[in-house]
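Chemist: Input: one structure, supplied below.
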Amino acid sequence: MTHHTPIALFAQRREAVRKRMHAANLAALVVVLDANRYYLSGFELQDPQADESSGRLVIMADGRDLLCTDARFLDAARRLWNEEDIFIYRGDAAGQMNEKLRGIVQGTVGFEARVMTLDFYERLSPGLTMQRADGLIEELRIIKDSFEIERMQAACKLNHALMEWVPGVLVPGRTEAAVAWDIEQFFRNNGAEGLSFSSIVAVGPNAALPHAVPGDTLITENCGVLIDVGCRLHDYCSDQTRSFWVGDAPHPHFTRNLSLIQEAQKRAIAAIRPGIGTAELYRIAHSFLEDNGVAHLFTHGLGHGIGLQTHEKPSLNSKDTTILQAGMIITVEPGVYHAQYGGVRWEHMILVTPEGGLIL
């Protein structure tokens, strides 16, 4: 497996975006979301933090795309981009990009309104005709190509290996935080670049918190442990949840609820095929849990898309209008949560194929 995406593939993706820009009558598109920037250029998959960007990409309808960044990233940009099409800003990124774009753009400039800050927009937009253009890139990213599927299968395989290994460290007297550290080391020692999100290790009642933060709570003899973890391998994310019982006397609540969510999951996965709506998958799982009296404890959506980000489109909930297509990769992860007894969740990553859903 080649670890790095071929440069030519980034160029093909930009051409696909350009076709969408022509249809929307856009002369330029300013890309600020880090995963979208990477998807189209290979440059810097993740920004350092929410209020600090590694750079912005400007896709031009005429084909002369710009990679805009600061001097810290010049050498990294040169490895991917023609130097004459690298724009280095110093200080006021938005203001200097405004000057640059006013000199080269004739027509409407699209921007990612959902992620661009108001402050950046107000400094970028003077003298330009700006138009919201959310989703142009995400609509491409939602369908994974064979290159991406191969990487996601590898990330998922490592996640499966982790779940087979992890019961050995679920020992009475150990803390959630200690197990979380074991998990991170396992992933890194087996080739992952890091975690795809902060690990969830939740003991007993803490498992009632769908996004519990590992702390000092101790594993005891005969308790439930919910583990929701993922790795980033060759840039792509995995995400899996399992609910374990430590000890030989599982509580009836644990046993029954785990059985119910696994059956709800099985029914939803069996229905996966191109043409079915994500809301219908949610309804199938929710209806089964409702028939068994626990739907009020199922407090989140059924799953989500995954790829360069852990949470991507679509969202498998009652309001989502997405129709599945071959090449999408989604999670299916029903869970029920009880404040006294904790929660259980079980998660698979599923590739939508022409024949149905393939568990990765």
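Chemist: Quick test for you: out of PRO126, PRO167, PRO210, pick the one residue that is assigned to a loop (DSSP other than H, G, I, E, B), open to solvent by 30 Å² or more (accessible area, probe 1.4 Å) and either under 30 Å from PRO252 (Cα atoms) or hydrophobic (A, V, I, L, M, F, W, C) (or both).
Modeler: Sole residue among the options that is assigned to a loop (DSSP other than H, G, I, E, B), open to solvent by 30 Å² or more (accessible area, probe 1.4 Å) and either under 30 Å from PRO252 (Cα atoms) or hydrophobic (A, V, I, L, M, F, W, C) (or both): PRO210.
Chemist: While we're on this one: Would you pick out the residues in the stretch 341-356 that are touching a Ser or Thr at 6+ places or on another chain (Cβ under 9 Å) and under 9 Å from ILE329 (Cα atoms)?
Modeler: Hits for the stretch 341-356 are MET349, ILE350.
Chemist: Something else about it: Output yes when any residue across the stretch 277-294 is open to solvent by 30 Å² or more (accessible area, probe 1.4 Å) and part of a loop (DSSP other than H, G, I, E, B), and no when none is.
Modeler: yes
Chemist: Return the pair list, or none, for Cβ contacts closer than 9 Å from residues in the stretch 173-191 that are more than 19 Å from SER238 (Cβ to Cβ) to residues that are among the hydrophobic types (A, V, I, L, M, F, W, C) and in a helix (DSSP H, G or I), at least 6 apart or on different chains.
Modeler: ALA178/VAL169
Chemist: Considering each of ALA268, ALA202, ALA207 in turn, give the residue that is under 30 Å from LEU45 (Cβ atoms) and touching a strand residue (DSSP E or B) at 6+ places or on another chain (Cβ under 6 Å).
Modeler: Unique residue meeting the criteria: ALA202.
Chemist: Select from the stretch 15-44 the residues that are open to solvent by 30 Å² or more (accessible area, probe 1.4 Å) and over 21 Å from the mean Cα position of the chain (by Cα) and list them in ascending order.
Modeler: Across the stretch 15-44, the qualifying residues are GLU15, ALA16, LYS19, ARG20, HIS22, ALA23, ALA24, ASN25.
Chemist: Still on this structure, please answer the following. ARG242 fails exactly one of the following numbered conditions: (1) within 30 Å of GLY135 (Cα to Cα); (2) open to solvent by 10 Å² or more (accessible area, probe 1.4 Å). What is the number of that condition?
Modeler: So ARG242 meets the others, but not (1).
Chemist: While we're looking at this one, here's another question. If you check every pair at least six apart or on different chains, which have Cβ atoms under 6 Å apart with a residue in the stretch 45-60 that is free of Cβ contacts under 8 Å to residues at least 24 places away in the same chain first and a residue that is open to solvent by 40 Å² or more (accessible area, probe 1.4 Å) and in a loop (DSSP other than H, G, I, E, B) second?
Modeler: Going by the 6 Å Cβ cut-off, the qualifying pairs are SER54/GLU44.
Chemist: Tell me, yes or no, whether the stretch 131-144 has at least one residue that is more than 22 Å from the chain's Cα centre (by Cα) and farther than 30 Å from LEU226 by Cβ.
Modeler: yes
Chemist: Please specify each residue of the stretch 95-123 satisfying the condition of being surrounded by 15 or more Cβ atoms within 10 Å (Cβ to Cβ), within 27 Å of the chain's Cα centre (by Cα) and part of a helix (DSSP H, G or I).
Modeler: Matches in the stretch 95-123: PHE120, TYR121.
Chemist: A further question on this structure: Six or more apart or on different chains, Cβ under 6 Å: which pairs go from a residue in the stretch 93-104 that's free of Cβ contacts under 8 Å to residues at least 60 places away in the same chain to one that's in a helix (DSSP H, G or I)? Could you list them?
Modeler: Short answer, once both residue conditions are applied: ALA94/PHE120; ALA94/ARG123; ALA94/LEU124; GLY95/ARG123; ASN98/LEU124.
Chemist: Would you check if there is a residue in the stretch 184-206 being more than 22 Å from the chain's Cα centre (by Cα), open to solvent by 30 Å² or more (accessible area, probe 1.4 Å), more than 23 Å from MET349 (Cβ to Cβ) and β-branched (Val, Ile, Thr)?
Modeler: Taking every residue of the stretch 184-206 in turn, none turns out to be more than 22 Å from the chain's Cα centre (by Cα), open to solvent by 30 Å² or more (accessible area, probe 1.4 Å), more than 23 Å from MET349 (Cβ to Cβ) and β-branched (Val, Ile, Thr).
The values are calculated or read from the model by the stated rules, or taken from the named source; none is laboratory data. Note that this is a predicted model, so its numbers are computed, not measured. Positions of Cβ are backbone-derived with ideal geometry, glycine not excepted, and every protein chain shown enters the neighbour counts. Side chains are part of the model used for accessible areas, which takes the heavy atoms of the whole protein and leaves out ligands, DNA and RNA. Shrake-Rupley method; radii C 1.70, N 1.55, O 1.52, S 1.80 Å.
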